[in-house]
1. Provide a single number: the residues in the range 307-338 that are crowded, with 16+ Cβ neighbours inside 10 Å, more than 18 Å from residue 207 (Cβ to Cβ) and modelled with pLDDT under 70.
2. Taking the condition of being among the aromatic types (Phe, Trp, Tyr) and at pLDDT below 50, how many residues in the range 106-121 meet it?
3. Tell me, yes or no, whether the range 155-163 has at least one residue that is out of contact with any helix residue (DSSP H, G or I) (no Cβ under 7 Å at 6 or more places or on another chain), free of Cβ contacts under 8 Å to residues at least 60 places away in the same chain and not charged (D, E, K, R).
4. For the range 236-247, does any single residue satisfy the condition of being under 26 Å from residue 333 (Cα atoms), at pLDDT below 90 and among the hydroxyl-bearing types (Ser, Thr, Tyr)?
5. Kindly provide the set of residues from the range 1-26 that are open to solvent by 30 Å² or more (accessible area, probe 1.4 Å) and under 27 Å from residue 266 (Cβ atoms), ordered by number.
6. Out of the residues in the range 27-46 that are within 22 Å of the chain's Cα centre (by Cα) and farther than 16 Å from residue 122 by Cβ, which is surrounded by the most Cβ atoms within 10 Å (Cβ to Cβ)?
7. Starting from the range 13-24, keep only residues that are over 18 Å from residue 229 (Cβ atoms) and modelled with pLDDT of 90 or more, then list their pairs with residues that are open to solvent by less than 20 Å² (accessible area, probe 1.4 Å) and assigned to a helix (DSSP H, G or I) whose Cβ atoms are within a distance under 8 Å, requiring at least 6 positions of separation or different chains.
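The values are calculated or read from the model by the stated rules, or taken from the named source; none is laboratory data. Quantities reported herein were computed from a predicted structural model and do not represent experimental measurements. A quick note on method: Cβ atoms are made from the backbone with ideal geometry, for glycine too, and the neighbour counts reach across all protein chains shown. Please note that ligands, DNA and RNA were not included when accessible areas were found on the heavy atoms of the full protein model with its side chains. Shrake-Rupley method; radii C 1.70, N 1.55, O 1.52, S 1.80 Å.
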Amino acid sequence: MRRTVLYYPSIEIPDGKWLRNALLYWDEVSSIVPRSVEEALYINSRTIDELKEEGEYRAIYPDQIMNNKLFEDFEKESIYKMKSYFRKIHKSRNTIEPARRLTQIHKEKLINNYDLHKEKISTNLMNFLEQNGVISSDGEWLTFDNKLSDIYMSTLAKYSALSDVNHTVIGTDQLRPINTIYPIRYLSKVPINFKIPIINFSLNALPTPHLEVPISKILKFKRRYRDELLSFRNHINHFEEEMSRCEYEDEFKEKTLIFSEAIEQKTRDTIRMMKGSGIKFVLSSLQSLINIKSPTMIATYAAVAGQKIIGLNPTLAITGIGLTSIVDISINYMGINKATRDQLSDKGFLYLYYANKRGIIKDFV
């Protein structure tokens, strides 16, 4: 089974920092591609075509989720989120003073639209959008506003990853839609079904090839140092698993400190390998949401949800590179339905993985 990172929201993956990072640390990259436009993708994108030939890119088809047992959950969650969005818009419009209402509507019309291929949406969802008058059709493409596209594409990516045959996680280079993947809520005085504390883990020390480095050079490097990179990645995976099963807070903090020291050394080793291979690099981040499996820790962290609990700075500065910290951990509430929670317990939580222009990312909450 290969480790795949699924890019969204677009079909074509931009040739930038995100792609270079993903290619270095994952077995393959993918995106959600309607079958009818797959060949056009390879014709129009030389980068994606080359990655496909190298076995580094795989298309994930939207009909995979539509023929999956999770499809009902996917439709329900999509409609629920869209209805919430409609209510929010309706409320905001009603609170605008009459004299300002025309100006507000004019601004809304200037917002860029998003084009969605019809194969990416089910008949029920398309009918729902048409009934609410928020979508227009032009041949094989549907158009609606960017905010709505964030909601839909993040949900489609989430369930496409869950239903994929490989160990697939989701990723994006766009900060705007991150929080729509999983609705994170702070602690409420009233208990809510299926809202549990989760670990919000950020690793701010992934050496990433610079934009000027050719992708062919990255692939050559990855294959040459495959064992070292697998060790680096497996160390992160092992730490996440240990965190999820910690029984006591002291144990949790001790393991985090040990991991922070170890990952700093592995980061230095990776940097030395890159320098030896003539690869210029920057630092970027990995962000994970991890299910807490220990009943003791669930009870412990239920009282501190929404708070940052650990921020570990590197013991020694890496020459020429600034780090805010190597490891940041906070505890948040996450709302997920039971069917999805069961799937995640078997597969592991999905990563929220991205890099901004500076290469260092703090908490997205």
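1. Summing the residues that are crowded, with 16+ Cβ neighbours inside 10 Å, more than 18 Å from residue 207 (Cβ to Cβ) and modelled with pLDDT under 70 in the range 307-338 gives 2.
2. 0
3. no
4. Yes: the range 236-247 contains one or more residues that are under 26 Å from residue 333 (Cα atoms), at pLDDT below 90 and among the hydroxyl-bearing types (Ser, Thr, Tyr).
5. 1, 2, 3, 17 - these are the residues of the range 1-26 that are open to solvent by 30 Å² or more (accessible area, probe 1.4 Å) and under 27 Å from residue 266 (Cβ atoms).
6. The extreme case among them is 30.
7. Matching pairs, first to second residue: 13/19; 13/48.
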